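Written below as structure tokens is the structure these notes are about.
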Amino acid sequence: MMLLKGIVLLCCKTLSVERTESATFHILTGKKSVQTVQDIHLYQLTKYYGIHRKLERTVFDRILKELHEEGFVIRNHTSLTLELTKQGETWLRENTEQLPLHYFDGLRFKNTAILFLERLTLLVQTFSNVGVKHFSFIPVLDNPLVENWVKEQYRINKERISIYLNDLHSELLPLLQNIKEKEASIFVDRLSGHQYYGMSWEQLAKSYGMTIEDVQLLLTGISHKMAHQILENKASFPLLYQMIEEGNQKRLMTESAYKTYQLLEKDYSIENIALVRNLRINTIQDHLVEIALYQTDFPIERYVPSDIQKDILAAIEKASSNKLKEIKRLTKKDTTYFQIRLFMAGIDYVEQTGDMNVYN
């Protein structure tokens, strides 16, 4: 399996030469920046956002070097962009269906899936041990928030541990049966029980003949797929649904943008917010672009009048790329970069009809 390489190739193909190679790295690690979040919407890469938050830059650079040496990409050392070769296109075409790319839903589950896996892992270990009266064991996780959640579950269910575990097994079984046997084995081998510790990333990689990065990515994808199924049919997975609590995710926008959002809600102007927060107007404009990515009813017309919106849309449709400079060149002289960025952040243009639909 070349899961990480496949995803990097797909991102490079989608971003083409319009973004530097760092753009792909920022997408995979879930960088909280206006540029990255805008890119995932603009290039329809939301499913890969934040799917490998612990990916090290050295590992990413090694992957790029290998792809270059294998003749899959051409690296422009001046512009720091990547371009797929015919060989790279062929490899993607022949291997895409074999990779579990459809499992990923990064933007939606990048926080939820981590919480789900950590709660499940620690709960299975804890209940498996205390169920046989073994109270002295080393937790596989060191996360006070997860530990407190598991302790609460134990307090509620301590008189029915074996029943709880049986019910949990019944919920997990159909989810594991809905993925490939190898994937299910990797998922189970990561879990710990009584007198048994789950395999480390290194052990899993060696046991299944994969790279550590691919093992980590695969488990992330499996957790996304499971979370989706659980949320689609909550009644069938009551115990697992408790581990997700999708509605309690931390908001996606940065803290600074959220402070600006709170002032916007009080009808502060951009200039007044800049004064109150002692920040540059350009910084507040960046915040507005970020807010527009997440607020479905963001009042774009307050900053981008309808005639300018139509002008920008026409320029987008004429432009040969999504680069702001190219789009700006095709708009009226008084149209600003801020207006273009805000428009592109807050709406999705449909080339066939020209309809403008707010992002979900």
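Would you check if there is a residue in the range 107-128 being open to solvent by 70 Å² or more (accessible area, probe 1.4 Å) and not aromatic (Phe, Trp, Tyr)?
Scanning the range 107-128 turns up at least one residue that is open to solvent by 70 Å² or more (accessible area, probe 1.4 Å) and not aromatic (Phe, Trp, Tyr).
Annotation for the range 135-143: no member residue is assigned to a helix (DSSP H, G or I), out of contact with any Cys (no Cβ under 9 Å at 6 or more places or on another chain), open to solvent by less than 60 Å² (accessible area, probe 1.4 Å) and touching a residue at least 40 places away in the same chain (Cβ under 8 Å). Restricting the range 240-268 to residues that are within 22 Å of the chain's Cα centre (by Cα), surrounded by 19 or more Cβ atoms within 10 Å (Cβ to Cβ) and closer than 30 Å to Gln285 by Cβ leaves a set whose member that is modelled with the highest pLDDT is Ala257.
Considering only residues of the range 273-282 that are part of a helix (DSSP H, G or I) and either under 29 Å from the mean Cα position of the chain (by Cα) or among the basic types (Lys, Arg) (or both), which is surrounded by the most Cβ atoms within 10 Å (Cβ to Cβ)? Here the answer is Arg277. Within the range 283-321, can you find the residues that are under 20 Å from Lys31 (Cα atoms) and open to solvent by 20 Å² or more (accessible area, probe 1.4 Å)? Hits for the range 283-321 are Thr283, Gln285, Asp286, Tyr294, Gln295. Tallying residues that are among the basic types (Lys, Arg), open to solvent by 100 Å² or more (accessible area, probe 1.4 Å) and not in a helix (DSSP H, G or I) within the range 149-203 yields 2. Taking the stated definitions as given, is Ile316 touching a residue at least 12 places away in the same chain (Cβ under 8 Å) and either within 19 Å of the chain's Cα centre (by Cα) or not in a helix (DSSP H, G or I) (or both)? No, not satisfied.
Within the range 171-221, the set of residues being small (Gly, Ala, Ser) and touching a residue at least 60 places away in the same chain (Cβ under 8 Å) comprises Ser192, Gly193, Gly198, Gly221.
Scan Leu82, Leu64, Leu92, Leu55 and give me the residue that is assigned to a loop (DSSP other than H, G, I, E, B), at pLDDT below 95 and either at positive phi or open to solvent by less than 20 Å² (accessible area, probe 1.4 Å) (or both).
Leu55
Note on the range 310-360: residues that are at pLDDT 85 or above and among the β-branched types (Val, Ile, Thr) amount to 6. Scanning the range 1-14 for residues that are part of a helix (DSSP H, G or I) and either open to solvent by less than 10 Å² (accessible area, probe 1.4 Å) or within 11 Å of Leu217 (Cβ to Cβ) (or both) yields a total of 9.
Does the range 231-239 contain at least one residue that is assigned to a helix (DSSP H, G or I) and crowded, with 17+ Cβ neighbours inside 10 Å? Yes - at least one qualifying residue is present in the range 231-239.
Set side by side, the residues Arg57, Arg53 differ, and just one is touching a residue at least 24 places away in the same chain (Cβ under 8 Å) and touching a Gly at 6+ places or on another chain (Cβ under 6 Å), which is Arg53.
For the range 13-46, the set of residues classified as among the charged types (D, E, K, R) and within 20 Å of Tyr294 (Cβ to Cβ) consists of Lys31, Lys32, Asp39, listed by residue number.
Here's the yes/no breakdown for (1) in contact with a helix residue (DSSP H, G or I) (Cβ under 7 Å, 6 or more places away or on another chain); (2) at pLDDT 95 or above; (3) not polar (S, T, N, Q):
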site: Leu117; (1), (2), (3): yes, no, yes
site: Leu123; (1), (2), (3): yes, yes, yes
site: Ile138; (1), (2), (3): no, no, yes
site: Ile179; (1), (2), (3): yes, yes, yes
site: Phe187; (1), (2), (3): yes, yes, yes
site: Glu202; (1), (2), (3): yes, yes, yes
site: Tyr208; (1), (2), (3): yes, yes, yes
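Looking across the range 15-42, the residues that are open to solvent by 20 Å² or more (accessible area, probe 1.4 Å) and either in a loop (DSSP other than H, G, I, E, B) or at pLDDT 90 or above (or both) come down to Ser16, Val17, Glu18, Arg19, Ser22, Phe25, His26, Thr29, Lys31, Lys32, Ser33.
The values are calculated or read from the model by the stated rules, or taken from the named source; none is laboratory data. Remember, predicted model here, so these are calculated numbers, not experimental data. Every residue, glycine among them, receives a Cβ derived from its backbone with ideal geometry; neighbour counts consider all protein chains shown. SASA here: full protein model, heavy atoms, side chains in, ligands and nucleic acids out. Shrake-Rupley method; radii C 1.70, N 1.55, O 1.52, S 1.80 Å.
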